[in-house]
Each structure stands twice: as C-alpha cells, then as structure tokens.
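These notes are about the structure you will find just below.
The values are calculated or read from the model by the stated rules, or taken from the named source; none is laboratory data. If you're wondering where the values come from, they're calculated on a predicted model, not measured in any experiment. As a convention, Cβ positions derive from the backbone with ideal geometry for all residues, glycine included, and neighbour counts pool all protein chains shown. SASA here: full protein model, heavy atoms, side chains in, ligands and nucleic acids out. Shrake-Rupley method; radii C 1.70, N 1.55, O 1.52, S 1.80 Å.
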Amino acid sequence: MTVPYKRILTVGLSALMLVATAASGDASTSGTDPQRAFDWEIGTWRSTVRVLAEPLSESADQWLQFAGTSTVRPLMDRRANALEFEVSGPDGRIDALNLRLYEPQAQRWSLTFVNMRDGLLTPSVYGGFRDGVGEFHGDDQLGGRPIKVRFLVFRQGADEARFEQAFSADGGATWETNWVAVDRRVRW
C-alpha cells in the first residue's frame with residue numbers, strides 16, 4: 001500500500017508549522033524580543049471564566065461562571081494589540097476591551113481594561129514576561145479604598161492559556177485571586 005505524497009507533505013508541513021509557531025511563541029516570551037511577547041495570542045479563543053462575586057470582602061466566596069470568546073488583534077505592526085472579550089453566563093454578561101501597549105523606553109507592557117457596561121478605563125497594570133510567565137502590577141480602588149492589582153498570564157502550550165487577576169488590600173503582602181480565565185484557541 002502506498003501513501004499519497006500530498007498527504008505526507010500536508011502532514012509534514014503542518015507539523016513544521018506547529019513546531020515553528022511554538023518555537024516563535026516561546027522565543028517571544030523568553031526575552032528575545034519583548035515587543036513581540038503577545039504575538040502568540042493573536043487570534044480567536046474560547047474563554048471560560050470564573051469571577052469572584054465580592055472580592056476582598058468578609059462574605060463567603062461565591063464564584064460566577066461565564067463562557068464566550070476573546071479575539072486578539074494586532075495593532076501598529078504588533079507593537080500593540082487589542083483584545084475583545086465577550087462572555088455570558090447565568091449571572092449576566094461581560095463585554096470588555098483590553099488595550100495592550102509596549103513601551104520601548106521602559107521595556108514593559110501596559111494593559112488597560114475597559115468594561116463596556118460603564119465605558120470606563122481601569123488604571124493600567126504594567127510588566128512583562130519572564131521565564132514564560134507574564135506578570136503585571138498596578139494600583140486601583142475597590143469600594144473607595146486603595147488596592148494593588150496583579151495580573152498573571154500562563155501560556156500552557158500553543159493553543160491554551162490561563163489568566164489570573166488578584167487584589168491585595170495590604171500593599172501586596174497577601175493576594176486574593178478574583179478572576180480566572182482559561183482560553184483555548186479556536187483559530188489563528
């Protein structure tokens with residue numbers, strides 16, 4: 001029995017593309033070119049999200065569940081990108097944007113979120129990738145009191161990523177995770 005050469009060629013080229021894509025994604029998060037740190041995320045993703053209903057409160061933890069899509073589009077020759085986020089669940093809907101900008105002088109990224117419900121920008125978080133993990137920090141307010149914000153990005157292969165947000169009311173001594181999103185790639 002012979003295997004058609006087109007099938008072998010297709011499988012071989014597909015494997016090569018996968019390896020090349022994974023290699024370029026790893027390089028972008030290892031410090032080779034920090035301006036390309038989010039290139040791996042360009043595309044459409046299926047998002048499942050858990051959101052803590054009342055962060056930094058004395059009430060028992062209640063997690064709200066959402067599912068939907070996030071789409072990341074490159075801007076300005078990939079020196080920036082925009083993420084469109086649309087999820088819904090039994091407790092409602094979240095429509096949001098995330099503008100990510102690379103600051104070459106500071107050698108860091110800024111991530112700025114906007115919830116389309118109120119149309120307001122949140123204070124940015126700043127940081128970058130180190131050893132394959134994105135870590136971003138900033139200051140905000142919750143219920144009128146100042147808090148610290150930490151946003152983490154864990155790339156779990158070419159087609160899966162995990163994002164976590166945590167708040168701290170004690171200057172960063174302790175953190176409470178209040179947002180966990182797992183994204184699985186739908187298409188490039």
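Evaluating Met116 against the criteria (1) surrounded by fewer than 16 Cβ atoms within 10 Å (Cβ to Cβ); (2) modelled with pLDDT under 95; (3) farther than 21 Å from Thr48 by Cβ; (4) not basic (Lys, Arg) leaves one unmet condition, (3).
Residues in the stretch 68-78 include none that are of a type in the set (Ser, Thr, Tyr), at pLDDT 95 or above and farther than 17 Å from Phe163 by Cα.
Residues in the stretch 40-74 that are open to solvent by 40 Å² or more (accessible area, probe 1.4 Å) and under 13 Å from the mean Cα position of the chain (by Cα): Arg46, Thr48, Thr69, Arg73. Condition check for Ile147 on (1) surrounded by 16 or more Cβ atoms within 10 Å (Cβ to Cβ); (2) within 20 Å of Tyr102 (Cα to Cα); (3) more than 15 Å from the chain's Cα centre (by Cα): one failure, at (2). Among the residues making up the stretch 126-168, those that are farther than 18 Å from Val51 by Cα and either of a type in the set (A, V, I, L, M) or outside any strand (DSSP E or B) (or both) are Asp131, Gly132, Val133, Gly144, Gln156, Gly157, Ala158, Asp159. Pairing residues of the stretch 165-188 that are touching a residue at least 24 places away in the same chain (Cβ under 8 Å) and more than 25 Å from Val87 (Cβ to Cβ) with residues that are of a type in the set (Val, Ile, Thr) and surrounded by 14 or more Cβ atoms within 10 Å (Cβ to Cβ), at Cβ distances under 6 Å and at least 6 apart in sequence or on separate chains, gives Ala169/Ile147.
Among the residues of the stretch 152-188, those identified as among the charged types (D, E, K, R) and closer than 19 Å to Phe129 by Cα are Arg155, Asp159, Glu160, Arg162, Glu164, Asp183.
When the stretch 119-132 is filtered for residues that are of a type in the set (A, V, I, L, M) and at pLDDT below 95, the ones remaining, listed by number, are Leu120, Leu121.
In the set Asp131, Asp91, only one residue is loosely packed, with under 15 Cβ neighbours inside 10 Å, under 27 Å from Arg184 (Cβ atoms) and in contact with a Leu (Cβ under 6 Å, 6 or more places away or on another chain); that residue is Asp91.
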